[in-house]
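Enquirer: Sending over a structure as structure tokens; questions will come in a sec.
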Amino acid sequence: MLLRVRPAIGAALVTAFTVALTAPSSAPAQDKDKDKALVKQAKDTALANLKKAGLDKPTVVETGNFIIVGSLSQEKAKTLGEVLEKTTTLTRKTLKYDEKEASWKGKLTVYFVPDNAEYKALMRRAFQQPPEGAFADLRAEVPFIVDPAEVPGKPTDADLYTSTAARVSGEHLKAKGTGAQVIPDWLRDGFGRVTAMRAEGTTSKRYTAYKSQAKAALTKGGQPPTLADIWGDAKSANGEVLATSFAEYLAYGPGASKFPKFLDGLKPSENVAAPTVTQGLDAAGWKEKDMPALDLAWRRWISAGK
């Protein structure tokens, strides 16, 4: 006996069947609820910490990847957010992040605290840390970075935002992959600085000024710099610009194809608990005997202004 279905009922059954096939699963909805919960937790935590520092009515601005908090205006917080997002896009692309690969859980809370008294109060009362520069904990239940927005001279707001973006970019570098790499400060900061500048534009005044400074550093002091000067114990006046330049050489210049292997070489192993920069370079194919040639290639690259 054939089962006959009236047209109206048949259409309804077909529609219901189609909806069942095309309707999204509950997983995305659950993910959204989880994301909302993480954001709420981050905001609540930030407000509680700022209250400890005496900031009862701070600005809180949320972007795609960040929660920006502090005593800055809404407009300035949004501008900072734009700089952070633009730099993060380039950072992830350069480091070849997978689309679903995350540097930390949820959105990163960025405490932007240019007021020195507020910064000191926040560090001491909320984080029980000495107020000594930027402070970050990416593995905390609520990942965060505290930026005192310190830039030498008379910085503009744009200078401060670029500085913050540079530090966050450097933290992305540290977190790449397993996050186990031994990333020295010069590499973290050098990579972050050049990435923030390149995100702003390679024709920007900031980037072109840096390239001029790097070229000038080759002849300052008479003796040409070497790579060992970058990670050696002795500090030089040109150390920061040279570190930025070599980080650019590795990540964006002639060394870019070997950069992932270099970072892999900085991961601890059973035999090497704390890999050195030279061991990372060795893993990338730059053996000890190649160091003079790498030195020369890097300096020529600087001179060419590329």
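Enquirer: Amide H neighbours of Ala136 under 5 Å, counting only residues 5+ apart in sequence or on other chains, H built in-plane at 1.01 Å?
Expert: Under 5 Å from the amide H of Ala136: Val146.
Enquirer: Could I ask something else about it? Taking a 23 Å limit on the Cα-Cα distance, which of the listed pairs Lys40/Lys105; Lys57/Lys86; Lys51/Lys76; Lys176/Lys235; Lys96/Lys235; Lys76/Lys120 fall beyond it?
Expert: Beyond 23 Å between Cα atoms: Lys57/Lys86; Lys176/Lys235; Lys96/Lys235.
Enquirer: Heavy-atom accessible area of Ile145 with all protein chains present, probe 1.4 Å, nearest 10 Å²?
Expert: Probe radius 1.4 Å; accessible area of Ile145 about 0 Å².
Enquirer: Still on this structure, I have one more. For segment 194-303, what relative contact order do you get, as a whole percent, if you take Cα pairs closer than 8 Å and at least 6 residues apart?
Expert: Averaging sequence separation for qualifying contacts and normalising by length gives 22 percent for segment 194-303.
Enquirer: Among rounded, prolate and oblate, which fits segment 31-83 when a ≥ b ≥ c are the square roots of the eigenvalues of its C-alpha gyration tensor, a/c under 1.5 means rounded, and a/b larger than b/c means prolate?
Expert: Here segment 31-83 falls in the oblate category.
Enquirer: Normalising by the residue count of segment 84-161, find the relative contact order in percent from Cα pairs under 8 Å and 6+ residues apart.
Expert: Relative contact order, segment 84-161: 31 percent.
Enquirer: Once amide H atoms are built 1.01 Å from N in the peptide plane, which residues 5 or more positions from Ile67, or in another chain, come under 5 Å H to H?
Expert: Leu108, Thr109, Val110
Enquirer: Step by step: find N for the chain, compute 2.2 N^0.38 Å, then divide the Cα radius of gyration by it. What's the final number?
Expert: 1.26
Enquirer: Hey, if you put +1 on the Cβ of every Lys and Arg and -1 on every Asp and Glu Cβ in the chain, which of Phe191, Met291, Gly232 ends up farthest toward the positive end of that dipole?
Expert: Comparing the listed Cα positions along the dipole, Phe191 ranks first.
Enquirer: Per residue of the chain, what 222 nm ellipticity follows from adding -39500 (n - 2.57) for every DSSP H run with n ≥ 4, rounded to the nearest 500?
Expert: -17000 deg cm²/dmol
Enquirer: Spin-label point model (7 Å from Cα, Cβ direction): what's the Ala48 to Ala273 distance in nm?
Expert: 3.6
Enquirer: Right, something else. At 1.4 Å probe size, with the rest of the protein present, what percent of the exposed accessible area of segment 73-199 is carbon and sulfur atoms?
Expert: Roughly 49 percent, rounded to a whole number.
Enquirer: Sticking with this structure for a sec: Report Rg (one decimal) and Dmax (nearest whole number) for segment 140-191, counting Cα atoms only, units Å.
Expert: 12.6, 39
Enquirer: Moving on. Going Cα to Cα from Lys306, which lysines come in below 19 Å? Please leave out same-chain ones fewer than 8 positions away.
Expert: Those lysines meeting the cut-off are Lys205, Lys211, Lys215, Lys258.
Enquirer: Percent relative contact order of the chain, based on C-alpha pairs within less than 8 angstrom and at least six residues apart?
Expert: 13
Enquirer: What whole number of Å gives the distance from the Cα centroid of segment 93-117 to the Cα centroid of segment 244-271?
Expert: Their Cα centres are 21 Å away from one another.
Enquirer: For the chain, what is the accessible area per residue in Å², given a 1.4 Å probe and the full set of protein chains?
Expert: 56
Enquirer: Let me ask something else about it. Give the Rg/Rh ratio for segment 179-306, taking Rg as the radius of gyration of the Cα atoms and Rh as the Kirkwood radius, to two decimals.
Expert: With Rh from the inverse mean 1/r over Cα pairs, Rg/Rh is 0.96.
Enquirer: Label Glu75 and Lys154 with points 7 Å out from Cα along Cα→Cβ: what is the distance between them in nm?
Expert: A separation of 2.1 nm, rounded to one decimal place.
Enquirer: Using the Cα centre as the reference, give the magnitude of the dipole from point charges on the C-beta atoms of the chain (Lys, Arg: +1; Asp, Glu: -1; all else neutral), rounded to the nearest 20 debye.
Expert: In total the dipole reaches around 680 debye.
Enquirer: Output ³J(HN,Hα) for segment 53-70: one whole-Hz value per residue in order, computed from phi by the Karplus curve 6.51 cos²θ - 1.76 cosθ + 1.60 with θ = phi - 60°, and x for Gly and Pro.
Expert: Ordered by residue, 3J(HN,Hα) equals 8, x, 9, 8, 10, x, 7, 10, 10, 9, 10, x, 10, 9, 10, 9, 9, x Hz.
Enquirer: Let me ask something additional. Rounded if a/c is under 1.5, else prolate if a/b beats b/c, else oblate: with a ≥ b ≥ c from the C-alpha gyration tensor eigenvalues square-rooted, which is segment 81-153?
Expert: oblate
Enquirer: Then there's this: What GluC sites (Glu not before Pro) in segment 78-112 are in a loop by DSSP, with at most 16 other Cβ atoms within 10 Å of the Cβ?
Expert: Answer by residue number: Glu99, Glu101.
The values are calculated or read from the model by the stated rules, or taken from the named source; none is laboratory data. Everything numeric here is computed off the predicted structure, so don't read it as measured data. Ideal geometry is used to build each Cβ from the backbone, glycine not excepted, and the neighbour counts take in all protein chains shown. What goes into the accessible areas is simple: the full protein's heavy atoms, side chains included, and nothing from ligands, DNA or RNA. Shrake-Rupley method; radii C 1.70, N 1.55, O 1.52, S 1.80 Å.
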